[in-house]
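Worksheet: the structure to be examined is printed underneath.
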Amino acid sequence: MGVKVAKFGGSSVADAIQLAKVKSIVEGDPERKYVVVSAPGKRFSGDSKITDLLYLCKTHIDHNVAYDQVFQVVCDRYRAIELNLGVNVGLEEEFRIIDENLQKGASADYIASRGEYLTAKLTAAYLGLEFVDTAGLVQFDKHGKFLNEETNRALKEALAGVDGAVLPGFYGSVPDGSIKTFSRGGSDITGALVARAVEADIYENWTDVSGFLMADPRVVKDPIPIEIITYVELRELSYMGAGVLHEDAIYPARAGNIPINIRNTNDPQHPGTIIVGDIDEPAGKSKVITGIAGHKDFTVISIYKNMMSGEAGFVRRILSVLEDYGVVVEHLPSGIDTLSVVLANKNLNGKLEEITEEIRRRLQPDRMEVFENMALIATVGRGMARRMGVSATLFTALYNAGVNIRMIDQGSSEMNIIVGVENSDFEKAVRAIYEAFVE
Ligand code: ADP
Ligand code: ASP
Ligand code: MG
């Protein structure tokens, strides 16, 4: 018999009604032996995610404001789930321990992790499976760097004799035992790590959409679901903002050669999207583009200097300015005598002016232009390589929609064209590209 790992996201465990669907999915296939859960997400638009509320408790504490009301909202949601599922996991004692730790100054990572911890406890009781904590198994070093191979070994060992378990996603621990989380959405990573450790035949990622769609459904109406996609294409799309799967969930799956299947908890019959290493298809038979993703709030600094290409160390000096300010470069498109650096606004910390001044001082460019409030849009597809006219279609579509293109970066992978447009043109541009290639 094969083994499947099923990860259920926030909306899939948002309340007892959703958890009943989880139970029927898990019990519907005896190969679904290992279950990884997130913390309860929104039940309806305008609702709060448990993880956000837990971070909010910590913020209250940091500002010496009473946090008990927010904490009570969290506790009440778990109480309702426990009651409606008809299980008993000793929630009141768990709440008391968490509260005690909060008062002792527990970290934001610790408090945030309790969302998945309590969900896993409840889910394990409800499904009649063992609860296996990921603290101590998912490992980070004392600087917070994730330890891949150590984690794989620890998970393998811990799950070796366990025929069915529920594990909390999102967190692990550092050597002294304190809790450390992945970045937001990180339960996807935990699911992939468990899949690799148990050498699963498939990693199922259950969410609230019927697979990876060709574009963000909040921007394009009813986008077509992607049936099959490669890890590389998916990583490009996830990195660029398609929020369905955490981009770091790809590595462990790829390392174990485990296909990922994105499925919909609310429509379990739908086959969803399959993500694999390689797709065996005759040349030219794949769709031209696989998907479109992007997001807002970048800054592009374009630097022009005559004979720049002949000047040794030019790029290095630009990068060293950014390094000195601790700013990560997202993209670095270049022409013969021009170079642009693309930076995420959230990393700039109000330092833009200082940075441009420093670039001016150290590099003495002929001209420099700064575009703030830019959005980046990636059009991705394994079928794009060696196909003529893809960029022409893309640029014509944007031109016809009246969108100004401020930057173009064609990745060396030949399967990704990134354009920079103004934030205010973002939605219009995504729709124009979608229509040009899909409709
Ligand atoms: P979960 O809580 O299950 O981890 P997420 O909220 O992280 O779920 O991811 C699913 C959401 O991702 C969808 O509800 C949808 O709004 C959003 N999304 C963004 N881009 C896409 C896309 N290309 N295809 C499908 N969903 C997308
Ligand atoms: N609960 C965490 C978050 O909201 C992790 C996750 O859902 O994957 O980011
Ligand atoms: Mg998610």
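Results, tabulated for the structure shown:
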quantity	calculated
Those helices (runs of 4 or more DSSP H) lying entirely in region 10-125 with at least 1 residues within 16 Å of ligand 3 (Cβ to nearest atom)	16-27, 50-62
Counted residues, region 182-228 - those being surrounded by fewer than 20 Cβ atoms within 10 Å (Cβ to Cβ) and within 25 Å of ASN148 (Cα to Cα)	5
Residues of region 111-135 satisfying the condition of being within 17 Å of ARG196 (Cα to Cα) and in contact (Cβ under 8 Å) with a residue 40 or more places away in the chain	THR134
Some residue of region 351-374 being crowded, with 20+ Cβ neighbours inside 10 Å, farther than 14 Å from GLY420 by Cβ, within 30 Å of the chain's Cα centre (by Cα) and not charged (D, E, K, R)	yes
Evaluation of THR190 against (1) under 18 Å from PRO271 (Cα atoms); (2) among the polar types (S, T, N, Q); (3) within 12 Å of ligand 1 (Cβ to nearest atom) (one fails), failing number	(1)
Candidates GLU281, GLU236, GLU247, filtered to the one that is crowded, with 21+ Cβ neighbours inside 10 Å, of a type in the set (D, E, K, R) and out of contact with any Cys (no Cβ under 8 Å at 6 or more places or on another chain)	GLU236
Residues being within 19 Å of GLY105 (Cα to Cα) and either surrounded by 12 or more Cβ atoms within 10 Å (Cβ to Cβ) or within 24 Å of the chain's Cα centre (by Cα) (or both) - total across region 30-67	12
Any hit, region 174-186, residues being on the phi > 0 side of the Ramachandran plot, within 21 Å of the chain's Cα centre (by Cα) and not acidic (Asp, Glu)	yes
Candidate set from region 201-214 (those that are under 29 Å from ILE17 (Cβ atoms) and away from ligand 2 (no atom under 16 Å from the Cβ)); member that is nearest to the chain's Cα centre (by Cα)	PHE212
Test: residue in region 310-330 that is out of contact with any Ser or Thr (no Cβ under 8 Å at 6 or more places or on another chain) and in a strand (DSSP E or B)	yes
Hits in region 6-25 (condition: among the β-branched types (Val, Ile, Thr) and in contact with a Leu (Cβ under 9 Å, 6 or more places away or on another chain))	VAL13, VAL22
Members of region 25-44 that are farther than 18 Å from TYR117 by Cα and in contact (Cβ under 8 Å) with a residue 12 or more places away in the chain	ILE25, VAL26, GLU27, GLY28, ASP29, PRO30, GLU31, ARG32, LYS33, ARG43
Condition check for ILE61: in contact with a Lys or Arg (Cβ under 8 Å, 6 or more places away or on another chain), more than 16 Å from ligand 2 (Cβ to nearest atom) and touching a residue at least 40 places away in the same chain (Cβ under 8 Å)	no
Filter result for GLU323 (within 16 Å of ligand 2 (Cβ to nearest atom) and closer than 28 Å to ILE405 by Cα)	no
LEU85 vs. criteria touching a residue at least 24 places away in the same chain (Cβ under 8 Å) and under 30 Å from VAL162 (Cα atoms)	yes
Selection from region 80-136 of residues that are within 30 Å of LEU147 (Cα to Cα), among the aromatic types (Phe, Trp, Tyr) and either buried (at least 20 other Cβ atoms within 10 Å of the Cβ) or at pLDDT below 95 (or both)	TYR110, TYR117
Residue identified as modelled with pLDDT under 95 and farther than 28 Å from ASP163 by Cβ among SER45, SER11	SER45
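Residues checked against (1) touching a Ser or Thr at 6+ places or on another chain (Cβ under 7 Å); (2) away from ligand 2 (no atom under 16 Å from the Cβ); (3) outside any loop (DSSP other than H, G, I, E, B):
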residue	(1), (2), (3)
GLY185	no, no, no
GLU199	no, yes, no
ARG235	no, yes, yes
SER238	no, no, yes
ALA242	no, no, no
ILE258	no, yes, no
ASN266	no, yes, no
GLU281	no, yes, no
VAL288	no, yes, no
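Residue-by-condition table, conditions (1) within 21 Å of ASP297 (Cα to Cα); (2) touching a residue at least 40 places away in the same chain (Cβ under 8 Å); (3) in a helix (DSSP H, G or I); (4) among the small types (Gly, Ala, Ser):
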site: GLU369; (1), (2), (3), (4): yes, yes, no, no
site: GLU372; (1), (2), (3), (4): yes, yes, no, no
site: THR393; (1), (2), (3), (4): no, yes, yes, no
site: VAL403; (1), (2), (3), (4): yes, no, no, no
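The values are calculated or read from the model by the stated rules, or taken from the named source; none is laboratory data. Here the structure is a predicted model, which means the values were calculated and not measured. Using ideal geometry, Cβ is built from the backbone for each residue, glycine included, and neighbour counts are taken over all protein chains shown.
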